[in-house]
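J.: Can you read through this structure? Questions will come right after.
Taken together, the values in this text are just the output of simple stated rules run on the coordinates, not laboratory data. It should be emphasised that the depicted structure is a prediction, and the values quoted were computed from it without experimental measurement. In this analysis, Cβ positions are derived from the backbone assuming ideal geometry, glycine residues included, and neighbour counts consider all displayed protein chains.
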Amino acid sequence: MNVQTPPKIALQQKPAKPAVSRTRIQSGRPYPLGATWDGLGVNFAIFSSAATKVELCIFDAQGEREIERIELPEYTNEIYHGYLPDARPGWIYGFRVHGPYEPDAGHRFNPNKLLLDPYAKAHVGDLIWDHSIFGYTIGSDDADLSYDERDSAAFVPKARVVDPAFTWGDERRPSIPWESTIFYEAHVKGFTQRHPSVSDHDRGKFAAMMNADVIRYIRSLGVTSVELMPIHAFVDDSYLVDKGLHNYWGYNTLGFFAPAPRYLTSPFINEFKEFVSTFHHAGLEVILDVVYNHTAEGNELGPTLSFKGIDNASYYRLMPDEKRYYINDTGTGNTVNTSHPRVMQMVMDSLRYWAGEMRVDGFRFDLATILAREPTGFSEESSFLHACQQDPLLSQVKLIAEPWDCGPGGYQVGRFPPGWAEWNDGYRDTIRAYWKGDEGMVPKVANKISASADLFDNRGRKPWASVNFVTAHDGFTLHDLVCYNDKHNDANGEDNRDGHSHNLSYNYGHEGPSDDKELTDLRFRQLRNFFATLLFSRGTPMILAGDEFARTQGGNNNAYAQDNEIGWIDWDVTDEGRDLAQFVQKLIRVRQALPMLRRGRFLHGEYDEELGVKDVTWLTPAGVEFEEENWADDSTRCFGVLVDGRAQSEGIRRIGTDATMLIVMNSYEDVVNFKLPEAAGGVCWHAVIDTNQPEMDDLPAFDFGSEYMVTGRSFMVFLLEPEEGGETTRDWERSFTYVSEAFIRAAADRVRFTLVDKRQQQ
């Protein structure tokens, strides 16, 4: 443990208790919880079901010296509250909570420990790992059953009263339809720390995300919604501090209402609002990755920083028969007890605060299964899921679940209710295995690129409920997926024991970077294959930021502690990386122009006798429909997908009017001759995408029955040119023309690397 000396001003272990002025404090209100500025004063309210007394501690402007301690005078419905008419925004405060210290009964009250307000809108100062921040005495034979009397105030973050006033002007939510959404997972610091357009003062901050060149780049790529890794206030784990590392990813939350101070250029949280407003004006959504499943206080041996000292038995799930110990369904030491109504209220208040006051557009819930756990286990009818479904605000923003946790029965992909989308890790593993060349994958691929209907086609859920991804923050980057057979996590200080070993990656004969052009060409073709598969699958695609230009982490597949060049994006992009980004832009443009990929109906391959159309047909390289023996043949690695634009596109029973599309996927090492099938309503096929020819700038035509030489390890898309004549045919022609125009625009536009481009031109 890294033990640091506190500032001299706070050297005394147990400072004299400041005098209490009973004339200044008024009763106040039990709601809203937290510190609320009303224009005249500040109301303070904090929940605790078992505390005997709560003291409000006021600090000087630097947050270093406690200058006053005031007992909250009223207790209403298990909420302590009081009103200070002379308090103002900017005041720094904390709480001391009195009550029984009985770990065996689940109580860990210790008024010697200064506690953060769970509803604090802004945090001040960093956590310093010192023995005094623990409620028990470190090194005692009684472990956490002992009691520590040292004052922790010099070592813990404090809360700051905020003024919520902000002028939003004509800001409007982009309200991107689910079917048009493309997620872009990014880290505030990692995305901007090395960006050449960002000033030194703004690097790694929300202010950097507002940089014109940063926004121009994101918009030019074509993604719609930026999913930020955790920005709620979090702390560095002690074991990382001991190793000189940091909690880079941020999955160690201490405050569910406060933005992380490390991402602010000033003490004012309005910087985050400015960032959201700037993104909205650019037509981009902001999605937050949120961690309500656990806190930074760890298990019974963890520090007392907030919840543990306020009401441990309410905030955390404890072992039923041994309340000294915590249920650890998260793998991090504790589990937030959303079965308790006040804890559930805190989570919902936090979500409403970020969706309402901060105007974010949605949430990705880390280990979401935990939030839907009741004492009996995961339930689709859990109070949390019900609360979100009925809430008039939250039910209108995007809700995305990471549908697994470490507890029993924790894997729940496809089990979340209507209105929710879910990370589909089965998609990730299937697509990785297929392009690696594993046999027997075609039936699984067919299912996954059709939005995993077996999991999501129920209760009126739509294909967008499947969030498809090949890479995410956790694991290899896409570049490293095709360059490394093994993880290389030595920088994490755990002797390469951390991180997943089963990555379904392949280095194609050489571990790591290579100057071999043939090998590099193959790797980049595989990158294009992954992107093409992702963006031409039904469902909601998610791209990991930087993958589009082949960023690398040097083979580290668990960069959670790498707040350095390993985890930060390098914007000095190679020519190959720029070409890849340009190709990804083309894929996005074409996807957004193809309604067939965004329809709200699953593909089942069933013939509609009334309309005389089959929505999807799976084809052999001979251009004939798959039979049972083809599905059962493990050696099959090349196949076609004919998606008929005439299939019913919505609930109304009528012929569809979208362009018909043929996808050909070939994970064989060698060329396969694929016979282009005849298709109703068309005259020929036009090649739109060929991952072996990424710079193709026209739409060459191919007759029915002709054989196309599909390069080994490649992905192709063809569009059907409709025949002339007829009312419906004109609609098909318009659809075909629309896609063709999108293709042309993509060829003309360039991804806006801006300042990097200028620098290289000098």
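J.: Return the loop-located GluC sites (Glu not before Pro) in region 65-122 (DSSP other than H, G, I, E, B) with at most 16 other Cβ atoms within 10 Å of their own Cβ; answer none if there are none.
T.: E78
J.: Based on the Kirkwood radius over alpha-carbon pairs, what value in µm²/s does the Stokes-Einstein equation return for the translational diffusion coefficient of region 74-192 at 37 °C and 0.692 mPa s?
T.: Translational D for this selection: 177 µm²/s.
J.: Let me ask you something else. So what's the back-of-envelope 222 nm ellipticity for the chain, counting only DSSP H runs of four-plus at -39500 (n - 2.57) apiece and dividing by all residues, rounded to 500?
T.: Calculated mean residue ellipticity at 222 nm is -6500 deg cm²/dmol.
J.: For region 69-81, take each phi angle, set θ = phi - 60°, evaluate the Karplus expression 6.51 cos²θ - 1.76 cosθ + 1.60, and give the result in whole Hz per residue in order, putting x for glycine and proline.
T.: Values, residue by residue: 10, 10, 6, 5, x, 10, 9, 10, 6, 6, 10, 7, 8 Hz.
J.: Using only alpha-carbon positions, what ratio does the radius of gyration of region 602-748 give when scaled by 2.2 N^0.38 Å?
T.: Ratio of Cα Rg to 2.2 N^0.38 Å: 1.06.
J.: Restricting things to alpha carbons, find the Rg to Rh ratio for region 8-160 using the Kirkwood radius for Rh.
T.: Values: Rg = 15.3 Å, Rh = 15.9 Å.
Reported Rg/Rh, Kirkwood definition of Rh: 0.96.
J.: Would you please report the Å³ per residue occupied by the convex hull of the alpha carbon atoms in region 656-710?
T.: Expressed per residue, the convex hull around the Cα atoms of region 656-710 is 94 Å³.
J.: For the chain, restrict the atom set to alpha-carbon positions and state the Rg and Dmax in Å.
T.: When restricted to Cα atoms, the chain yields Rg and Dmax of 28.3, 92 Å.
J.: Send over the semi-axes of region 64-138's equivalent ellipsoid, whole angstrom and largest first, taken as the square roots of 5 times the C-alpha gyration tensor eigenvalues.
T.: Calculated on Cα positions only, the semi-axes equal 23, 19, 11 Å.
J.: List the pair-distance distribution P(r) of region 162-223, using every Cα-Cα distance, as the percent of pairs falling in each 5 Å bin from 0 up to the bin containing the longest distance, rounded to whole percents.
T.: Histogramming region 162-223 at 5 Å steps yields 3, 15, 19, 20, 18, 17, 7, 1 percent.
J.: Here's something else I'd like to know. Can you check what the Kirkwood hydrodynamic radius comes to for region 391-492, Cα pairs only, in Å to one decimal?
T.: Values: mean 1/r = 0.0647 Å⁻¹.
The Cα-based Kirkwood calculation yields 15.4 Å.
J.: Once the convex hull of the alpha carbons of region 150-300 is built, what does its volume come to per residue, in cubic angstrom?
T.: Roughly 147 Å³ of hull volume per residue.
J.: Taking only Cα atoms of region 216-289, what ratio of Rg to Rh do you get with Rh as the Kirkwood inverse-distance radius?
T.: 1.05
J.: Which percent of Cα-Cα pairs in region 325-457 sits in each 5 Å bin, short to long?
T.: 2, 10, 18, 19, 18, 13, 10, 6, 4, 1, 0
J.: Next question, about the same structure. In Å, the Kirkwood hydrodynamic radius of region 243-388 over pairs of distinct alpha carbons?
T.: Details: mean 1/r = 0.0604 Å⁻¹.
When all Cα pairs of region 243-388 are included, the Kirkwood radius is 16.6 Å.
J.: Per 5 Å bin, what is the whole-percent P(r) computed from every C-alpha pair distance within region 128-178?
T.: Reading the bins upward from 0: 4, 16, 12, 11, 8, 7, 6, 7, 8, 9, 9, 3, 0.
J.: Another question about this same structure. With θ set to phi - 60°, apply the Karplus curve 6.51 cos²θ - 1.76 cosθ + 1.60 along region 143-151 and write out the HN-Hα couplings as whole Hz, x wherever there is a Gly or Pro.
T.: Ordered by residue, 3J(HN,Hα) equals 6, 6, 7, 6, 10, 9, 9, 6, 7 Hz.
J.: Also, quick follow-up: Please list, in order along region 258-274, the HN-Hα scalar couplings obtained from phi with the Karplus expression 6.51 cos²θ - 1.76 cosθ + 1.60 (θ = phi - 60°), rounded to whole Hz, x for Gly and Pro.
T.: 9, x, 4, x, 5, 9, 10, 7, 8, x, 9, 6, 4, 4, 5, 4, 4
J.: Mind jotting down the three principal axis lengths of region 616-664 based on Cα atoms? Whole angstrom, largest first.
T.: Cα extents, longest axis first: 40, 18, 13 Å.
J.: Which residues does the label zone of R352 cover in region 256-299, counting backbone N under 19 Å from a point 7 Å along Cα→Cβ?
T.: 256-258, 292
J.: Oh, and also: Please list, ordered by chain and number, the residues whose modelled amide H lies under 5 Å from the amide H of F234; skip anything fewer than 5 residues away on the same chain.
T.: Here L254 satisfy the definition.
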